[in-house]
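For reference, the structure discussed in these notes is given below.
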Amino acid sequence: FAERALAAVGRGSRKEYGRLFDSADVWREGRLDWARLASFLLLELREKEARSRATAVPRWGPLRGLPSLHRDTIQQVAALRSSSRYLSVSKEGTLGVWSDELILLKSHRVSTDSVKPRDLWVTAMAVLHNVHKVAVSFTSKEICFFDLLSKQELSCQYKVQGLRHAAVSLHYWCDPRNPDGGVLSFGDLGGQVSAICFRTAQISLFEKAGAGAGPDAVVVIKWAELVQGQHGCCYALGHRAHDGDWVRRVKFLGNLEAFVSCTTGGENSMAVAWREQEATPLRVTAARIEGGASDLDYHVGLNLIATAGLDGRVLLWNPYVVSKPVGVLQGHATGVLAVHFLSGRKQLVSFSKDQVLRVWDVHHQLCVQRVAAIFPKSRECRTLLLFHEERGRLFLTFNALLTVLEAGKEAERRVTSHAHAVTCVLYNSFLKQVISSDAGSTVTYWLVDTGQKVKQFTRCHGNAEISAMALDDTQTRLFTGGTDGLVKVWDFNGHCHHKLDAGQTRAVDILQILVLKRMVLVLGWSRTLTVFWPSSFAQCSAPSSEWTGGSTHRDHILCAAFLPPQTLVTGSYDFTSIMVWNSSTGNILRKLEPNDTPRLHCRSGQFLYPPPPTPLCLRSGIVDMRVVGSNAGILCDLPLFCGLLSGGADLVSCGGSGLVRFWNTKQGCLLAQFVAHRGSASITMTADEGGRYLVTGDMDGEVKVWDVQNYCVCPGQAAIDHAPNLLSCSRPHNDCVTHLETCSRGGRLLLLSASADCRVALGLPTGAPVGTFGQVTLRRVTHRSELRTCFSCSTSLSMSCTLGRSYQERRGLGMNDIRLPRGGERHGSLGEMLCVSPSCERKSRVLLLLLVTFLTSVCSPPPDSPGMFSSLRIEDLASVGEFTKPDFMINPHLYFGDRWDSALTPHVPCRLAAVKAAFDERSLFPRNILQLEERQGRLDHKREAQVKKNVGRRVAR
């Protein structure tokens, strides 16, 4: 093994390869196969990447203060997972909605009619992500649930009243495997920790009182009813382990089925309550912290609880054993106010009363960064910490001031196709090129055979994001739509021929451009379609007209699909509206709606929680879009031979909650529905031209390929709910998939995927990665048949399979993440997962690349590593030769002559003469200091005499 590896790699030594063999051969069998060696190398590189990320110090930018919105203390800051927005709420009841650019979008007033507004304070807030609601607690001893899908103002849907004490800390957890499951935990002023465990969250949080109540009526729930179990939708739990102390922080740990809480009291400062069975008493274990704890946080990967101690220490706890902390982080001079884990880096951030922020390496229990002298000074302030992992933003609150520290981007160690998030990707079969756009208003052309960049056009829409792209029938004109409300028509030389003002001089979000033979449809921001006629394209700017069918939808139209010769289907934000039109006359043919669809009652106006502007495009009737918070998100029409003549499915829709539905537009009925990505807020999809494969992508970067060739061919009495055959499941991206596209090259079907991680990836339907557009070192393809080996077996494997560098960024890739079907059998190791073909030549190439990457990372680490030990270098000292004295030391008389014999040093007297003091205290110190010291001495003398006198009197008595 050592000899062959040395000959193949060309670097290293036989001894190093021997150590590698001994490390990989854990069973001591004396032999290694491909699977074991590849798995060992990948795991070693993954651990090295994790260690380097843990020791990397965040590079914070300047402290940025957001516009002053709140007049009183900020009680909570939260990030919305699906829309890249932030919420902040203050004590007086002002709730602010902030955009991804940290611009204040709007503010709302949250209150309840139980007490007067002047006597009402907001105490805490929690976001219910899976049901798009927010829970707010008040000093009136009630918790109100507001709907985030409301448009103009927040509408209160539920009220939980009758609490014994006011809740001061809220936390919500939703089950990623079961969207209907959720736990709302809260702690109150009396030391009570309670929880509401939901069973059917997406259907209804609580049972409604009666059938006669209107759709906008507020449902009032008494806490006593929940404790007694009168609601089938949920049940209540609780404990009183804190003995009347305020509960400063409470969290539910879903992976442990436990509640953890802390108080500033000396006894039972931290409590861990375990939920063993449904609606049974909790098993509580408590720990005592000297001085109490003001905050806590939990890290899922490390399984550690961190508490912020008022004695200046940050303690790390094992949740199973709380008798003694497993780690102590010391360094703060005053009490710690808040702690927060940086999950991706495995680091901890703490903030103390003396306005000092510290970043800790949890593994080594060392402080790797100290930030001070940049925060506003205040004697008494309430400070909260929130770190948004996706954007690298650390939010800090100082009473009514909301500030943010943004971490600078680390040195880019993975291949990216764009500098900004990729919004759309198309394939031009005429030029054999891939076209992609990003949020920075840049359009790039790529060669599909080599992945090389051909041309790039910047600032196509100025500073506005390109949110939609489409090609005409001849594939010689490119239509781009931006968030500035303009649609531009380009040629492939970068010349803009036409500007179509779809927003009527307003900045609107264009979500899709549908190019037909006689018209161009633009949609996304209104309940109607905007139509442009190609006959009016003689001038640079063409006028727009409204759709003749009018505004039939109840909400904004988000997607559309066209089925020749004249069938047009549109879907809106409201799931109840999927309309089938006659494109020639503008008349409605039928309406598609499942019987069990919940209706959303929304008021008119702008969305508080709208779908983000994401890529949309159409090619041969394929529409791709990403929608948050709706169920009718993507419409995709299948070819006619898929069963249209026999009553089969010819339309597919998908969107919120990972649900995919198959329809028949002729009969207007639902044929099948299934959950493609369980636990995902929204998904995107596409289909190939032959209608054999359906490709779906979710917000975690996962892409699935389904075989739908024989799915829903014959209609039945009822809609089927089983999923089609899953061909592959891969994770080519580490962020949400924004657009999917298919293309055929060399007789092979290829998958194009764009993501918010700034990459455009190319893969096969089997789930095997081909490469990432933009990588530098690519082997040029001379034949089309070599396309499948262009990326995966050359140096691009380090980009697509993330060997060492981006492997950790793919959030722990495992065997369950990528399935490569081969003979109906799933592979069982990482080595088999990377093998696209069973050929030995392919394996040897991949193994060679693995060895080179491993040896490069181990033997020659990067010199500019940002770790805290990067400046240390340990190496063997150079051998020192025999030291020879110079000639002037051996023969000094030849160089100094007679001077060498004379005494060169001055004469030192044998006895030092007594030196009289030239200075005294009066000449050394100022007069006022001497007088002050003299007065202090007299006072001390009087006090001492008085004490002696008093002692003498007591003895005499």
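Nothing in this text is a laboratory measurement; each read-out follows from the coordinates by a stated rule. What you are looking at is a predicted structure, and each value in this text was computed from that prediction instead of being measured. Backbone-built Cβ (ideal geometry, glycine too); neighbour counts: all protein chains shown.
Side notes on the structure shown:
- Computed extension length for residue 709-residue 497: 72.2 nm, one decimal, from 0.36 nm per residue of separation with the Cα-Cα distance subtracted.
- Alpha-carbon radius of gyration plus Dmax, which is the widest Cα pair, for segment 109-188 in Å: 12.8, 43
- Computed on the Cα atoms alone, the convex hull of segment 477-595 gives a volume of 103 cubic angstrom per residue.
- Per DSSP, loop trypsin sites (Lys or Arg not before Pro) in segment 466-510 with at most 10 further Cβ within 10 Å: 506
- Entries of 106/346; 106/591; 455/488; 106/377; 116/159 with Cα pairs more than 26 Å apart: 106/346; 106/591; 106/377
- Estimated FRET transfer efficiency when R0 is 45 angstrom, pair residue 99-residue 26 (beta carbons, to 0.05): 0.30
- Taking θ as phi - 60° and the Karplus parameters 6.51, -1.76 and 1.60, the scalar couplings of segment 103-113 work out to 9, 5, 7, 6, 10, 10, 10, 9, 7, 9, 8 Hz in sequence order, x denoting glycine and proline.
- Measuring how big segment 297-354 is from its alpha-carbon positions, Rg and Dmax come out at 11.0, 33 Å.
- Packing rank of 318-324, 444-450, 755-761, where each peptide gets the mean count of other beta carbons within 10 Å, highest leading: 755-761, 444-450, 318-324
- Selection of GluC sites (Glu not before Pro), segment 29-111, meeting DSSP coil and at most 13 other Cβ within 10 Å: 29, 101
- Relative contact order of segment 8-139, taken over Cα pairs closer than 8 Å and 6 or more residues apart, is 13 percent.
- Taking packing as the residue-averaged number of other Cβ atoms within 10 angstrom, the listed peptides 165-174, 734-743, 3-12 run from highest to lowest as 734-743, 165-174, 3-12.
- Candidates per chymotrypsin sites (Phe, Trp or Tyr not before Pro) in segment 491-560, loop by DSSP, up to 16 other Cβ within 10 Å: 537
- Within the shell of other residues whose beta carbon sits under 9 angstrom from the beta carbon of residue 191, the net charge comes to -2, with Lys and Arg scored +1 and Asp and Glu -1.
- Taking a point 7 Å from the Cα of residue 505 along the Cα-to-Cβ direction, the residues of segment 511-544 with backbone N closer than 17 Å to it are 541-544.
- Calculated SAXS-style log₁₀ I(q)/I(0) at q = 0.19, 0.23, 0.28 Å⁻¹ - segment 643-692, Debye, Cα scatterers: -0.66, -0.87, -1.05
- Available extension along the chain between residue 536 and residue 33 is 174.3 nm, counting 0.36 nm per residue and deducting the alpha carbon span.
- Charged-residue dipole, Cβ positions (Lys, Arg, Asp, Glu), segment 308-426 about Cα centre, Debye nearest 20: 120 debye
- Against the empirical 2.2 N^0.38 Å (N residues), segment 345-409 has a Cα radius of gyration ratio of 1.14.
- Tail fraction, Cα-Cα pairs, segment 480-520, threshold 15 Å, whole percent: 44 percent
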